[in-house]
Amino acid sequence: MTLQHDIKEKRNNRGILLISCPDRPGIVSKVSTTLFNHDCNIIDSNQHSTDPEAGHFFLRIEFECSDLEHKKSSIEKSFQLLSEIFDMKYSFNYGNESQSLAIFVSKENHCLLELLLEWQRGDLLGDIKLVIGNHEDLKEYVENVNIPFYYLPITRETKEEVEKKQLELLKEYEIDTIVLARYMQILSPSFIEHYPCQIINIHHSFLPAFVGANPYKRAYERGVKLIGATAHYVTDDLDEGPIIEQDIERVKHHHELSDLKKIGSQVERKVLLKAVKWHNSHRIIPFGNKTIVFD
């Protein structure tokens, strides 16, 4: 038996449970006992309670269970009963289930290349099924690693038709998550409603500063000393979806606009990659306009 076989078997018997519910005593005890009753071994557990006024509880548990494939139905049935007692929202995710990703791009290549590199290394915990671009500039990068690239130019007049074609491709490839890797188009509300909290965008500013277009130019004109990037889930409100991750870099008075863009691109690629990895490993629970991100 090979090491690779051992690793695969371990993933096959691993599950992740995410829970969100009103806070009250006994939740952790009941959840742990229920998993124990199905011969599950908890290997990692993280929890968070909001302030007493809001009174909400969040929990992420990673567990192992031999022959999980045949046991998961009964485990999920037990939690359906438990959810009624605690008014609990929950989801199970399993190690043998990989996220299917679609990446949307325009002309900038730095975020796309970072994602492709991690995917080639096997460190993305997801499978990039296709890339859709409204320009052809990045086609060669994508096809060089044998991923399908679809060129779908978009104008104000063709937006509805193009988004319909995009949705058809996403359905054909059974996509779970969409990553906007500097895709310089605004998605319509009718598109977004098909993928709630499943579209991750990278915005090249430290939100809520400089929402919308040309944030580096506006930051340069304002004379800021810090620039940043923000990865967030996409909602109908432009650049106001729940924030997943942010980071910053210091800039100096002598830096030109081109310098800000160059420095910022390094932050963007790092922030987006973290957000996608956390999403793929089921470490995020959206809650209103915020997210709970477990280490």
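Here's the yes/no breakdown for (1) surrounded by 11 or more Cβ atoms within 10 Å (Cβ to Cβ); (2) assigned to a loop (DSSP other than H, G, I, E, B); (3) not hydrophobic (A, V, I, L, M, F, W, C):
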position	(1), (2), (3)
SER20	yes, no, yes
ARG24	yes, yes, yes
SER29	no, no, yes
SER32	yes, no, yes
ILE42	yes, no, no
HIS48	yes, no, yes
All conditions in (1) surrounded by 13 or more Cβ atoms within 10 Å (Cβ to Cβ); (2) at pLDDT below 95 are true of PHE149 except (2)
Looking for something part of a loop (DSSP other than H, G, I, E, B) and buried (at least 20 other Cβ atoms within 10 Å of the Cβ) - is there at least one such residue anywhere in region 254-268?
no
Which pairs do you get when a residue that is closer than 12 Å to ILE128 by Cβ, found in region 94-112, comes within reach of a residue that is surrounded by 16 or more Cβ atoms within 10 Å (Cβ to Cβ) and of a type in the set (S, T, N, Q), reach meaning Cβ atoms under 7 angstrom, with the pair 6+ apart or on two chains?
GLN99/THR177; GLN99/ASN280; LEU101/THR177
For ARG14, only one of the following conditions fails: (1) without any contact (Cβ under 8 Å) to a residue 60 or more places away in the chain; (2) farther than 12 Å from PHE79 by Cβ. What is its number?
(1)
Just the residues that are in contact (Cβ under 8 Å) with a residue 40 or more places away in the chain, more than 20 Å from ARG283 (Cα to Cα) and not in a loop (DSSP other than H, G, I, E, B), please, taken from region 84-93.
ILE85, PHE86
Checked region 105-122 for anything touching a helix residue (DSSP H, G or I) at 6+ places or on another chain (Cβ under 8 Å) and part of a loop (DSSP other than H, G, I, E, B); matches are GLU108, ASN109
Quick one: would you say ILE128 is hydrophobic (A, V, I, L, M, F, W, C), within 19 Å of CYS197 (Cα to Cα) and at pLDDT 95 or above?
yes
What pairs come out if I take residues in region 40-61 that are in contact (Cβ under 8 Å) with a residue 40 or more places away in the chain and closer than 16 Å to SER281 by Cα and pair them with residues that are surrounded by 11 or more Cβ atoms within 10 Å (Cβ to Cβ) and of a type in the set (Lys, Arg) whose C-beta lies under 9 Å away, six or more apart or interchain?
ASN46/ARG60; ASN46/ARG283; ARG60/ARG283
Across region 24-51, which residue is farthest from GLN80 (Cα to Cα) among those that are out of contact with any strand residue (DSSP E or B) (no Cβ under 6 Å at 6 or more places or on another chain) and among the charged types (D, E, K, R)?
ASP51
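In the set ALA213, ALA219, which member is in a loop (DSSP other than H, G, I, E, B) and closer than 20 Å to GLU256 by Cβ?
Just a single option satisfies the conditions, and that option is ALA213.
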Could you please let me know if ILE248 is under 25 Å from LEU125 (Cβ atoms), modelled with pLDDT of 95 or more and either aliphatic (A, V, I, L, M) or over 18 Å from the mean Cα position of the chain (by Cα) (or both)?
no
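Quick grid of which residues meet (1) touching a helix residue (DSSP H, G or I) at 6+ places or on another chain (Cβ under 6 Å); (2) modelled with pLDDT of 95 or more:
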position	(1), (2)
SER205	yes, no
GLY212	no, no
TYR233	no, yes
GLU240	no, no
ILE243	no, yes
Here is a check on your reading of the model: is HIS194 modelled with pLDDT under 95 and not β-branched (Val, Ile, Thr)?
no
Where residues in region 205-223 are surrounded by 18 or more Cβ atoms within 10 Å (Cβ to Cβ) and of a type outside the set (Phe, Trp, Tyr), which of them is farthest from the chain's Cα centre (by Cα)?
ALA219
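Looking at LEU113, LEU81, LEU124, LEU68, which one is over 16 Å from the mean Cα position of the chain (by Cα), of a type in the set (A, V, I, L, M) and assigned by TED's automatic domain parsing to the domain that holds ALA275?
Working: LEU81 fails: assigned by TED's automatic domain parsing to the domain that holds ALA275; LEU124 fails: over 16 Å from the mean Cα position of the chain (by Cα); LEU68 fails: assigned by TED's automatic domain parsing to the domain that holds ALA275.
Only one candidate qualifies: LEU113.
The values are calculated or read from the model by the stated rules, or taken from the named source; none is laboratory data. It should be emphasised that the depicted structure is a prediction, and the values quoted were computed from it without experimental measurement. Every residue, glycine among them, receives a Cβ derived from its backbone with ideal geometry; neighbour counts consider all protein chains shown.
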